[in-house]
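Everything below concerns the one structure shown next.
The values are calculated or read from the model by the stated rules, or taken from the named source; none is laboratory data. These figures come from a predicted structure and were not determined experimentally. Glycine gets a Cβ as well: all are built from the backbone with ideal geometry, and neighbour counts include every protein chain shown. Surface areas here come from the heavy atoms of the whole protein model, side chains and all, with no ligands, DNA or RNA. Shrake-Rupley method; radii C 1.70, N 1.55, O 1.52, S 1.80 Å.
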Amino acid sequence: MIERKALIFNIQKYNMYDGPGVRTLVFFKGCPLRCEWCSNPEGQYRRFQVLFKKNACVHCGACVPVCPSGIHRSSPGTGHEIARDLECVGCRRCEKVCPEQALAIVGERKTISELMDIIEEDRPFYEMSGGGVTLGGGEVLMQPEAAASLLQVCKRRGINTAIETCGYARPETIEKVAGFVDLFLYDVKHMDSDKHHQLTGVRNEMILGNLKWLLENRCNVKIRMPLLKGCNDGESEIHQLIDFLKPYQDYKNFKGVDLLPYHKMGVNKYDQLGWEYPIEGDPKLSDADLERIEGWIRKYDFPVSVVRH
């Protein structure tokens, strides 16, 4: 029997932000949203991709003959070019021969057993801290079968589970994984559907419908709200979220709100992918801005905290 595989792009150990205790964070490739502020752009597409550090390249051309797809083109006169319209097959030959580590292939297929071997390495930390495994991305629910399989094995072995999700998935997908998830870290990027579409490329009706189902079915949910100045930090936007959550404020499974301030940690990845960074200026909020937003939410007795990665 062929074992199910997941296409992932990173595994982060000793994570302290994405769920209780010490976490192992598994990043799944593929996302249905195109958030302007995305800090993991290499997780957006469910395929192998080439990261290229232009400043590190010495134009030696070693990568050109080893690439089966003909993606790399290099010469002393024109420098190094990557044909982004061609499909990378993930063989990693270019990565291995590059003398300056200017190339990196994003994406790796791993079986559930291989992932569990990595996860089990950190079991002592889970037991000591009340931690566990968090699946993120990208968007983990873009690979629902692999996600459900991995979560199910974790639960069988007594490992705490969480997923980070934008919630943009078919309701039956949410319902399928819900029984294996101890905590949903659920993004709410904007309550207005038109504005949500402008910022992310999709509308939010399905996202809010799935969130309502999770809360009403007593699944543990913590809301996460990425904050950008001038986009979703106004009093009216915050109160739209509060009004949506008011019916659930006494539910024990509603675990409060995390505010995620905008940061620029992913900017360099855009250049390595050959993309333009979509945000002009710096929509970062000040400490005073964050304190004000916290105050609006605390007034309704919602648990709220600012999470700075």
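Below are the figures for this structure:
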{"quantity": "Verdict on His80 being more than 24 Å from Arg308 (Cβ to Cβ), touching a Ser or Thr at 6+ places or on another chain (Cβ under 7 Å) and not in a loop (DSSP other than H, G, I, E, B)", "calculated": "yes"}
{"quantity": "Some residue of the stretch 125-145 being of a type in the set (Asp, Glu) and open to solvent by less than 10 Å² (accessible area, probe 1.4 Å)", "calculated": "yes"}
{"quantity": "Elements of type strands (runs of 3 or more DSSP E) in the stretch 129-248, at least 3 residues being free of Cβ contacts under 8 Å to residues at least 40 places away in the same chain", "calculated": "160-165, 183-187, 221-227"}
{"quantity": "Ile11 being touching a helix residue (DSSP H, G or I) at 6+ places or on another chain (Cβ under 8 Å), surrounded by fewer than 19 Cβ atoms within 10 Å (Cβ to Cβ) and not small (Gly, Ala, Ser)", "calculated": "yes"}
{"quantity": "Failed item, numbered, when Val188 is tested on (1) farther than 29 Å from Lys229 by Cβ; (2) out of contact with any Cys (no Cβ under 8 Å at 6 or more places or on another chain)", "calculated": "(1)"}
{"quantity": "Counted residues, the stretch 263-298 - those being over 29 Å from Glu81 (Cα atoms) and part of a helix (DSSP H, G or I)", "calculated": "12"}
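Yes or no, residue by residue, for (1) at pLDDT 95 or above; (2) in a loop (DSSP other than H, G, I, E, B); (3) exposed (fewer than 14 other Cβ atoms within 10 Å of the Cβ); (4) touching a His at 6+ places or on another chain (Cβ under 8 Å):
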position: Pro32; (1), (2), (3), (4): yes, yes, no, no
position: Glu36; (1), (2), (3), (4): no, yes, no, no
position: Arg46; (1), (2), (3), (4): yes, yes, no, no
position: Leu51; (1), (2), (3), (4): yes, no, no, no
position: Val58; (1), (2), (3), (4): no, yes, yes, no
position: Cys67; (1), (2), (3), (4): yes, yes, no, no
position: Leu86; (1), (2), (3), (4): yes, yes, yes, no
position: Gly90; (1), (2), (3), (4): yes, yes, no, no
